[in-house]
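The values are calculated or read from the model by the stated rules, or taken from the named source; none is laboratory data. Just so it is clear, the model here is predicted, and its values are computed rather than measured. In this analysis, Cβ positions are derived from the backbone assuming ideal geometry, glycine residues included, and neighbour counts consider all displayed protein chains. Ligands, DNA and RNA are stripped out before the accessible areas are found, and what is left, the full protein with its side chains, is counted by its heavy atoms. Shrake-Rupley method; radii C 1.70, N 1.55, O 1.52, S 1.80 Å.
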Amino acid sequence: MSTSNVSSHQRRTHGRPGRRWLGVVPVLAFAIGLGALPLTDDHRAAAALSSEFGNSKNLWMDRTTMLTLPTTGAAFDRLAADARQDWGTANIADQDSKHDVLTLAGALYAVRMNDTAMRAKTVAAIESAIGTEAGGRTLALARNLTGYVLAADLVGYESARFSEWLGSVRFRDLDGRTLVSTHEERPNNWGTHAGAARIAADRYLGDEADLAKAIAVFRGFLGDRSAYAGFRFGDPEWQADGTPPVPINPLGSTKRGFVVDGAIVDDIRRCECAVTSPAPRENYQWEAMQGIVAQAELLDMAGYHDVWSWSDAAIRRAVGFLHTQADFPAEGDDRFLTYLIDANLGTGYSAGVVDQAGKSIGYTGWTHGTTTSAGAIVTIAPTSTALTLATAPSTTAPSTTAPATTQPAIADPVTTTTTATTTTTAVATTSTTTPATTSTPTTAATTSSTTPPTTDAGETRPASSSRASGSSLIAGEETGSHQDTWARGGGSHTVIEEVQGRTSRRHDQGELRWTIDAVGGEQVLDVVMTVGPDAGDRDSGFVVEWSSNGTDWTPIALVASGTTLDLVVDIGTPTSQVHVRVVDPVRSAGEYRPDWVSVDFLRIRTAPEHLVVEPAEP
């Protein structure tokens with residue numbers, strides 16, 4: 001087994017299978033005429049964290065990944081609302097306290113929004129929790145501690161007082177038990193919550209010795225008695241016949257003819273009933289799953305990427321038992337689990353589920369269930385009667401352009417024809433055959449060169465225009481340069497996705513950005529791009545977006561694999577630079593069939609007269 005940490009670029013981005021934008025029409029366009037969602041303070045993204053945010057060990061999430069998550073949509077709105085509310089008073093001794101989960105909300109929000117005031121609120125909440133475990137039971141400590149530890153790591157909070165308390169509270173006697181002894185003795189929800197809190201604390205403190213012990217206990221819980229077998233069981237009614245006792249029944253096990261494979265034995269016994277089918281809907285099993293899944297995710301982030309397959313995929317089997325044998329999907333505060341389970345097992349339990357926060361963790365619909373900021377995307381059906389927007393004829397690329405480049409090799413040429421419209425503009429019908437020639441990919445980070453052309457003839461009125469003056473490769477490999485976007489048919493600038501992650505964590509990723517000077521007044525953006533051929537159900541094309549500050553991105557269109565887009569978009573009146581990017585919106589675990597996108601033409605120009613709204617007469 002490997003205990004090495006993986007870099008931020010090797011971790012998955014938390015989008016999920018089944019949450020794609022494909023299936024209705026090949027192109028989703030941003031409808032200018034239908035109105036964009038206003039950018040409020042809620043929707044500001046952080047380009048880089050303030051220096052007030054200290055270092056993170058990425059216990060729960062890679063902060064680099066977090067900064068790519070959307071700041072619109074219902075999941076983010078729930079997070080933001082909880083982060084902004086009054087969290088009340090910390091009381092770890094109260095096993096039903098929500099202060100810890102709300103503190104976690106504050107930490108997630110603070111990082112994503114680069115909000116130093118929210119960070120300060122989070123730190124104050126963490127400090128106020130120290131010592132409040134007095135008078136409670138280990139179950140209360142187990143439920144409440146994890147959220148504070150993860151919040152501290154997310155915002156980069158460290159103090160000698162907090163570390164000393166965290167180190168000692170693991171071994172504090174509370175009602176005859178400690179957090180550690182509860183983890184090692186109780187093969188039920190008490191033990192699983194204690195295990196999550198213990199592993200989180202060990203990881204935060206860098207206590208490798210105790211972490212190794214905690215991992216052995218978790219292995220034993222999943223069924224590996226050679227790793228650990230010190231649990232104290234209650235009523236053995238639901239234990240599988242002919243096997244030594246284990247907390248989760250082993251693969252293929254039955255009892256008196258009934259399937260008990262995957263049953264969490266010491267929690268299902270709370271039904272006080274005999275083995276039967278269908279199995280009882282005993283909610284303590286879901287309570288145990290909260291701690292089980294949290295432990296697995298924490299260990300996965302620590303480098304144990306095979307944790308989900310331990311003991312014949314015990315976690316998958318336990319979830320399957322609840323769904324198949326008991327017909328009992330997650331309810332109430334267990335629903336957040338569905339996003340974590342889907343993220344790691346490729347299942348579809350989270351479909352239509354609102355991610356209500358659990359005992360220790362929450363907001364997984366945002367952290368683990370979102371793909372990209374789709375709040376302003378609407379479906380535009382093809383039409384043949386839309387208003388046609390005149391465009392300038394093709395221009396000749398300047399003599400200073402880089403050598404011509406070609407798209408990456410593909411198995412078969414693909415010819416596609418796509419028409420899309422908005423209420424103010426129409427997209428020209430385009431037929432494109434992708435070439436099969438290749439060029440050597442490069443990995444340049446940022447390029448800029450000769451000033452691009454700034455005027456064009458042939459507009460419907462006198463106009464000025466501007467081309468890309470530079471580009472930045474964020475992820476993937478590129479061919480060509482920004483100069484290849486200066487003229488239609490004069491070459492193309494291509495990003496080819498790269499595969500990142502390991503085994504079941506593999507995913508593809510690609511992002512390329514351009515910078516274009518604004519030309520003043522009402523302006524439109526011309527975009528011509530082609531996405532590589534359909535790679536099957538594991539990919540979903542590229543999103544093209546624009547921004548006036550390089551931070552807050554407005555979606556223009558999702559271009560499906562095997563599709564060409566020729567679009568004119570009204571971008572209002574930007575006054576300085578405009579940023580345009582193409583990015584893969586779905587970078588889920590298991591999404592690893594890289595494709596590519598080639599941008600043939602990018603231009604900002606003054607809007608044609610029929611797009612300019614004249615002021616009303618006084």
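Residue check: G536 meets all listed conditions (1) modelled with pLDDT of 90 or more; (2) small (G, A, S); (3) surrounded by fewer than 19 Cβ atoms within 10 Å (Cβ to Cβ) but one, namely (1).
Of all residue pairs spaced 6 or more apart or on separate chains, those with beta-carbon atoms under 7 Å, a first member in the stretch 58-77 that is within 24 Å of T554 (Cβ to Cβ) and a second member that is β-branched (V, I, T) and in a loop (DSSP other than H, G, I, E, B) are T65/T13; T68/T13; L69/T370; P70/T370; P70/T372; G73/T370; A75/T370. Residues in the stretch 80-137 that are closer than 16 Å to Q356 by Cα and of a type in the set (G, A, S) were compared, and the one that is most open to solvent (accessible area, probe 1.4 Å) is A81. Residues that are surrounded by fewer than 19 Cβ atoms within 10 Å (Cβ to Cβ) and farther than 21 Å from V583 by Cβ were ranked within the stretch 457-487; the one that is modelled with the highest pLDDT is S464. Report, by residue number, each residue of the stretch 170-187 that is open to solvent by less than 20 Å² (accessible area, probe 1.4 Å) and farther than 21 Å from A216 by Cα. Result: L174, single match. Any residue in the stretch 340-351 that is of a type in the set (G, A, S) and at pLDDT 95 or above? No: the stretch 340-351 contains no residue that is of a type in the set (G, A, S) and at pLDDT 95 or above. Scanning the stretch 82-103 for residues that are more than 22 Å from the chain's Cα centre (by Cα) and β-branched (V, I, T) turns up T89, I92. One residue stands out among those in the stretch 488-497 that are buried (at least 22 other Cβ atoms within 10 Å of the Cβ) and not acidic (D, E): the one that is farthest from the chain's Cα centre (by Cα), which is G491. Checking each residue in the stretch 189-211 for being in contact with a Gly (Cβ under 8 Å, 6 or more places away or on another chain) and within 19 Å of F231 (Cα to Cα) picks out N189, G191, T192, H193, A194, G195, A196.
In the stretch 51-79, which residues are open to solvent by 40 Å² or more (accessible area, probe 1.4 Å) and within 20 Å of A129 (Cβ to Cβ)? Across the stretch 51-79, the qualifying residue is only K57. The number of residues in the stretch 262-286 that are surrounded by 24 or more Cβ atoms within 10 Å (Cβ to Cβ) and assigned to a helix (DSSP H, G or I) comes to 6. Within the stretch 241-258, the set of residues being open to solvent by less than 60 Å² (accessible area, probe 1.4 Å) and outside any loop (DSSP other than H, G, I, E, B) comprises I248, K255.
Across the stretch 223-245, the number of residues qualifying as at positive phi and touching a residue at least 60 places away in the same chain (Cβ under 8 Å) comes to 1. Across the stretch 573-592, the qualifying residues are those that are at pLDDT 60 or above and assigned to a loop (DSSP other than H, G, I, E, B), and the one among them that is surrounded by the most Cβ atoms within 10 Å (Cβ to Cβ) is D584.
Residue-wise test of (1) in a helix (DSSP H, G or I); (2) touching a Lys or Arg at 6+ places or on another chain (Cβ under 7 Å).
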| position | (1), (2) |
| --- | --- |
| R78 | yes, no |
| A83 | yes, no |
| D86 | no, no |
| A90 | no, no |
| D96 | no, no |
| G106 | yes, yes |
| A110 | yes, yes |
| K121 | yes, no |
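Evaluated against (1) open to solvent by 10 Å² or more (accessible area, probe 1.4 Å); (2) modelled with pLDDT of 90 or more, L37 falls short on exactly one condition, (2).
Given the conditions (1) buried (at least 16 other Cβ atoms within 10 Å of the Cβ); (2) out of contact with any Lys or Arg (no Cβ under 8 Å at 6 or more places or on another chain), report the number of the one that W238 does not fulfil. It fails just one condition, (2).
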